[in-house]
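Here's the structure, in structure tokens; my notes come after.
The values are calculated or read from the model by the stated rules, or taken from the named source; none is laboratory data. In this text, all values refer to a predicted model and were calculated from it rather than measured experimentally. Glycine gets a Cβ as well: all are built from the backbone with ideal geometry, and neighbour counts include every protein chain shown.
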Amino acid sequence: MPNITLYHNPQCSNSRGALALMKAAGIEPQIVEYLKTPLSRAEIEDLISRSGNTASDFVRYKEAEAKAQGLSPDQDSATLIGALTAVPKLLQRPIVDLGNTVVIARPPETLAPHLEAMSEHHPG
């Protein structure tokens, strides 16, 4: 089974839910508490590119810091990635790096089909 990384905020119920789903599936992910260990611009760019989503999908626009910076979904990727790099709290959560793909597991149930596919390809 590939190394799985959970970009985790323990204060977030969705993040805790994703971790619980992984543990129930027998997966012990590597946990990165991104508020304590912020991601570099290159790491954020890599996660976005492998997710199939846009930079805009990774931003928490409801956070006060996003509003203070005037961030909006129609801004260019470089601006949004710069904001994510500067203010880790703006990063959508949880993010799960499954090796071959990256999933924004919000709600956590969006992770379930990926976990099922992994267990089918890597039985017990």
Legend entry - Members of region 43-62 found to be part of a loop (DSSP other than H, G, I, E, B) and either on the phi > 0 side of the Ramachandran plot or of a type in the set (A, V, I, L, M, F, W, C) (or both), listed by number: G52
Inset, instruction - Might you check whether a residue that is surrounded by 17 or more Cβ atoms within 10 Å (Cβ to Cβ), in contact (Cβ under 8 Å) with a residue 40 or more places away in the chain, assigned to a helix (DSSP H, G or I) and not aromatic (F, W, Y) occurs anywhere in region 22-37? - result: yes
Legend entry - region 70-98, residues that are free of Cβ contacts under 8 Å to residues at least 40 places away in the same chain, of a type in the set (S, T, N, Q) and buried (at least 17 other Cβ atoms within 10 Å of the Cβ): Q92
Inset, instruction - Collect the residues in region 76-120 that are modelled with pLDDT of 95 or more, more than 15 Å from the chain's Cα centre (by Cα) and of a type outside the set (A, V, I, L, M, F, W, C), keeping them in residue-number order. - result: D76, S77, T79, G82
Inset, instruction - Give the number of residues within region 38-59 that are in contact (Cβ under 8 Å) with a residue 40 or more places away in the chain, surrounded by 17 or more Cβ atoms within 10 Å (Cβ to Cβ) and among the charged types (D, E, K, R). - result: 0
